[in-house]
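Worksheet: the structure to be examined is printed underneath.
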Amino acid sequence: ILGEHLRICPQGYTCCTSEMEENFANKSRSEFEAMMKEAGRSVQATLTAQHRSFDSYFQDLLNKSEKALYDAFPSLYGELYTQNVKVFKDLYSELRRYYRSSNINLEEALNEFWTRLLERLFKLLNPQYHISDEYLDCMVKHAEQHKPFGEVPRELKVKATRAFIAARSYAQGFLVGSDVVKKVSQVSLSQECTRAIMKLMYCPHCRGMASVRPCNNYCLNVVKGCLANQADLSTEWKYLMDSLIGVADRIDGPYNVDTVIGTIHMRIAEAISNLQENKDSITSKVFQGCGNPKISTKGSSSEDKKRRGKVTLEAKSSAQALEMLVLDAKGNLTALKTYWITLPSSLCSKKVMASSASDDKCWNGMTKGSYLPEVMGDGLANQINNPEVEVDITKPDMTIRQQIMQLKIMTNRLGNANIGNDVDFQDTSDDVSGSGSGDSCPDDVCGKRLSKSPSTRQPETHAIPKQSGHGVSGASSRSLPSASLLLLLLLLLLLSVVQLWR
C-alpha cells in the first residue's frame with residue numbers, strides 16, 4: 001500500500017499500517033533498552049564477581065587470624081587472655097567495621113586497643129598493688145616513652161592502616177563501578193532515539209526487506225547518537241579501572257594484605273611477650289614517673305608468676321591465592337576500560353546484526369544500498385552533525401552526569417589509597433566528627449606517637465553524640481554559667497527599676 005500514513009519509515013510503498021508502525025516503534029524501543037541492560041548486566045556481573053572474590057578472601061584472612069588468636073592465647077597467656085577476651089574481640093570487630101566503610105578512624109581504633117590492653121595487663125601483672133584509674137592515666141601518658149609493647153604498635157599501625165585503606169577502597173571501587181553501570185543502563189531512550197532505532201531495526205520489514213541487515217556505519221551513527229551521553233563516561237571510567245589496577249598492585253605488593261592482615265594475632269602475641277619479658281623494668285619506670293601505688297589487700301595471683309617465654313605462632317600464607325586474585329582482576333579491569341566507547345560497535349555487531357562495513361546492499365535507512373555518511377565521533381559534543389539522530393548537545397543527561405561525578409569521587413579515593421592516605425566513606429548525611437579523615441602518615445611521623453591523645457583514657461564506645469538538642473549533659477552543663485550570669489543581670493536591672501519608681 002502507499003505509505004503516506006507513515007510517520008517514521010520512508011513513505012514509499014509499504015507493508016505497514018500506522019498501528020503496525022507504532023507497534024514496531026514500541027518493540028524496537030523495548031528491545032534496544034533490553035540490549036543495553038543485558039550488556040550492562042554482563043559488566044556488573046564481572047565487577048560483582050571480582051568484589052565477591054576479594055571480599056571473601058579478605059574476610060577469610062581476618063577470620064583466620066582471629067580464630068588463631070582465640071585458639072592459641074588461652075594456653076599461652078592464661079588469665080592475661082581470659083580476663084581480656086573482650087579487648088581482642090573489640091579490636092577485630094572495629095577492623096571489620098572499618099573495612100565495611102563505617103565511620104571509624106582506624107589509627108584511633110588501634111591506639112585504643114593498645115591503651116586498653118596495656119591498662120588491663122599492667123593490672124594483671126601487678127596484682128599485689130591497688131592501681132586506680134588515675135594511676136592508669138599517668139601510666140598511659142608515659143607509654144610512648146617506655147614502649148611497653150616494643151615497636152609492635154607503631155609497625156602494626158603503619159602497615160595495617162595502609163593495608164586496610166587499600167583493601168576497603170579496592171572492594172568499594174568494584175561496587176561503585178557496578179552501580180554506575182546499573183544506573184546508566186537504565187536510562188530511557190529519548191523520543192528522537194526511539195524513532196531512529198525503529199527506522200534502523202524495523203523499517204526494512206515495512207519495505208518488505210526483513211532479511212536485509214542494516215549497514216554497519218548507519219547502525220553506528222544511530223547508536224552513537226543515542227548513547228552519546230553514555231560515551232562521555234569513558235574518560236572517568238578508564239581512570240577508575242586504572243586506579244583499581246594500581247591499588248591491586250599495592251595490595252599484592254607494598255601493602256600486602258596477606259602478610260599484614262593474616263598475621264595480626266602474631267604481632268599481638270609478640271607485643272604481649274615484650275611486655276612480659278620487660279615487666280620489671282617497665283614497672284620500675286612507671287613507678288618512677290607516677291609514684292608507688294598502694295599495696296593491695298587481695299594479694300598476688302599465682303597466674304602472674306608463670307613465665308611463658310617467647311611465643312612463636314605460625315601463619316598459613318595464602319600469597320599464591322592473592323596473586324591469582326590480583327592477576328584475574330587486572331585482566332578483567334583492562335578488558336573493561338573501553339566498555340563505553342566500544343559499546344555502539346558491540347551492540348551493532350552482536351545485537352542489531354548489522355552488515356559488514358564493505359556491504360553495499362544493506363539497509364541504509366531509506367532502501368537497500370550503500371551508506372555514504374561518515375561515522376560520528378564518540379560523546380555528546382561530536383553529535384552536532386549526526387545525520388541519523390537529532391541530539392541536543394546543550395542538554396546532557398543529568399543521571400549520567402551524576403554517575404560521572406561518582407566515578408570521579410571513587411577514583412579520588414583510590415588515588416589516596418594508592419599512596420596510603422585514608423578517606424571518608426560517608427554512608428549517611430550525619431557528620432560524625434573526627435572519623436576516618438585521612439590521618440594516615442608516613443613511617444617517620446607515625447613512629448613518633450603511640451596515641452593521638454595519650455593523656456586521656458578513651459571511652460569504650462565510639463559514638464559521638466550530636467551537640468544540638470536536649471539530653472546532651474556536656475552541652476547543658478556548659479551553658480549554666482551563661483544562664484546564671486543572665487539571671488544576675490536581670491535581678492540587678494529589676495532592683496534599679498524599683499528604686500527609680502520609689
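Restricting the first member to segment 177-192 and to residues that are in contact (Cβ under 8 Å) with a residue 12 or more places away in the chain, and the second to residues that are part of a helix (DSSP H, G or I) and open to solvent by 20 Å² or more (accessible area, probe 1.4 Å), the beta-carbon pairs closer than 6 Å and six or more apart or on different chains are S178/Q44; S178/T48; V180/Q406; V181/Q44; K182/Q44; S185/K37; V187/T399; L189/R29. Scanning segment 1-38 for residues that are under 39 Å from the mean Cα position of the chain (by Cα) and either assigned to a loop (DSSP other than H, G, I, E, B) or not polar (S, T, N, Q) (or both) turns up R29, E31, F32, E33, A34, M35, M36, K37, E38. For segment 366-391, a residue qualifies if it is open to solvent by less than 80 Å² (accessible area, probe 1.4 Å), part of a loop (DSSP other than H, G, I, E, B) and either more than 20 Å from S345 (Cα to Cα) or of a type in the set (S, T, Y) (or both), and the qualifying residues are T367, S370, Y371.
Quick one: is T334 within 19 Å of Q44 (Cα to Cα) and either at pLDDT 95 or above or open to solvent by 40 Å² or more (accessible area, probe 1.4 Å) (or both)?
Considered against the rule, which asks whether it is within 19 Å of Q44 (Cα to Cα) and either at pLDDT 95 or above or open to solvent by 40 Å² or more (accessible area, probe 1.4 Å) (or both), T334 comes out as yes.
Screening L76, L95 for residues that are within 26 Å of V158 (Cβ to Cβ), open to solvent by less than 20 Å² (accessible area, probe 1.4 Å) and among the hydrophobic types (A, V, I, L, M, F, W, C) leaves exactly one candidate, L95. Taking the numbered list (1) of a type in the set (A, V, I, L, M); (2) open to solvent by 50 Å² or more (accessible area, probe 1.4 Å); (3) at pLDDT below 95; (4) under 41 Å from the mean Cα position of the chain (by Cα) in turn, L322 passes all entries but (2).
Hey, can you tell me all the residues within segment 400-420 that are touching a Lys or Arg at 6+ places or on another chain (Cβ under 8 Å) and either hydrophobic (A, V, I, L, M, F, W, C) or closer than 29 Å to G365 by Cβ (or both)? A417, the sole residue that qualifies.
Filtering V181, V176, V222, V158 for residues that are out of contact with any Pro (no Cβ under 7 Å at 6 or more places or on another chain), open to solvent by 20 Å² or more (accessible area, probe 1.4 Å) and of a type in the set (A, V, I, L, M, F, W, C) leaves a single hit, V176. In the list T394, T312, which residue meets the criterion of being open to solvent by 80 Å² or more (accessible area, probe 1.4 Å), at pLDDT below 90 and assigned to a loop (DSSP other than H, G, I, E, B)? One residue alone meets the criteria, T312. Scanning segment 242-275 for residues that are open to solvent by 30 Å² or more (accessible area, probe 1.4 Å), of a type outside the set (A, V, I, L, M) and assigned to a helix (DSSP H, G or I) yields a count of 6.
For segment 195-210, the tally of residues that are out of contact with any Pro (no Cβ under 8 Å at 6 or more places or on another chain) and either open to solvent by 20 Å² or more (accessible area, probe 1.4 Å) or outside any helix (DSSP H, G or I) (or both) stands at 6.
Of the listed requirements (1) over 30 Å from L76 (Cβ atoms); (2) part of a helix (DSSP H, G or I), S284 misses just one: (1). Answer yes if at least one residue in segment 22-45 is open to solvent by 40 Å² or more (accessible area, probe 1.4 Å), more than 22 Å from R162 (Cβ to Cβ) and in contact with a Gly (Cβ under 7 Å, 6 or more places away or on another chain), and no otherwise. No, the conditions are met nowhere in segment 22-45. Applying the criterion of being open to solvent by less than 20 Å² (accessible area, probe 1.4 Å) and touching a Ser or Thr at 6+ places or on another chain (Cβ under 6 Å) to the residues of segment 397-418, the residue that is modelled with the lowest pLDDT is A417.
The values are calculated or read from the model by the stated rules, or taken from the named source; none is laboratory data. The model shown is predicted, which means the values in this text are computed figures rather than measured ones. Because the Cβ atoms are built from the backbone with ideal geometry, glycine has one as well, and the counts that use them run over all protein chains shown. We work out accessible area using only protein heavy atoms, side chains counted, and drop any ligands, DNA or RNA first. Shrake-Rupley method; radii C 1.70, N 1.55, O 1.52, S 1.80 Å.
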